[in-house]
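Asker: I have a structure here, written as structure tokens, and I will follow up with some questions on it.
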Amino acid sequence: SKKHPLTEFFPVRLHSKNGGLQILPFNGSGDITAGVFADGLAVQPNDCPSLLNGDLVDFYPFQSL
């Protein structure tokens, strides 16, 4: 859940699961190592107040997959 109506970008890492890819967020936005170990950024749009496990999100990889 977010506290304001802005679009948020957050660092995530990729995880292989059941033949597909899943993104896993880092704990806390203040985790400076998240930027170092992240595989890309996920987006929570301004009109989406919360995300649940299994929700689809836009993902922007740092490298080509």
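The values are calculated or read from the model by the stated rules, or taken from the named source; none is laboratory data. Source: prediction; values computed, not measured. Heads up, the Cβs are rebuilt from the backbone with ideal geometry, glycines too, and the neighbour counts pull from every protein chain shown. All accessible areas refer to the heavy atoms of the entire protein, side chains included, with ligands and DNA or RNA removed. Shrake-Rupley method; radii C 1.70, N 1.55, O 1.52, S 1.80 Å.
Asker: Residues in the range 22-36 that are touching an Asp or Glu at 6+ places or on another chain (Cβ under 9 Å) and either open to solvent by less than 90 Å² (accessible area, probe 1.4 Å) or modelled with pLDDT of 85 or more (or both): how many?
Answerer: 1
Asker: Restricting the search to the range 37-65, which residues are open to solvent by less than 70 Å² (accessible area, probe 1.4 Å) and in contact with a Phe, Trp or Tyr (Cβ under 9 Å, 6 or more places away or on another chain)?
Answerer: Passing the criteria: A38, D39, G40, L41, A42, V43, Q44.
Asker: For the range 1-21, enumerate the residues that are basic (K, R) and open to solvent by 80 Å² or more (accessible area, probe 1.4 Å).
Answerer: Result: K3, R13, K17.
Table: residues versus (1) in contact with a Gly (Cβ under 7 Å, 6 or more places away or on another chain); (2) in contact (Cβ under 8 Å) with a residue 24 or more places away in the chain; (3) in a loop (DSSP other than H, G, I, E, B).
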| site | (1), (2), (3) |
| --- | --- |
| S16 | no, no, no |
| Q22 | no, no, no |
| D31 | no, no, yes |
| V36 | no, no, no |
| N46 | no, yes, yes |
| N53 | no, no, yes |
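Asker: Ok, one more. Among the listed residues D47, D39, D55, identify the single one that is touching a Lys or Arg at 6+ places or on another chain (Cβ under 7 Å) and modelled with pLDDT of 85 or more.
Answerer: Testing whether each residue is touching a Lys or Arg at 6+ places or on another chain (Cβ under 7 Å) and modelled with pLDDT of 85 or more leaves just D39.
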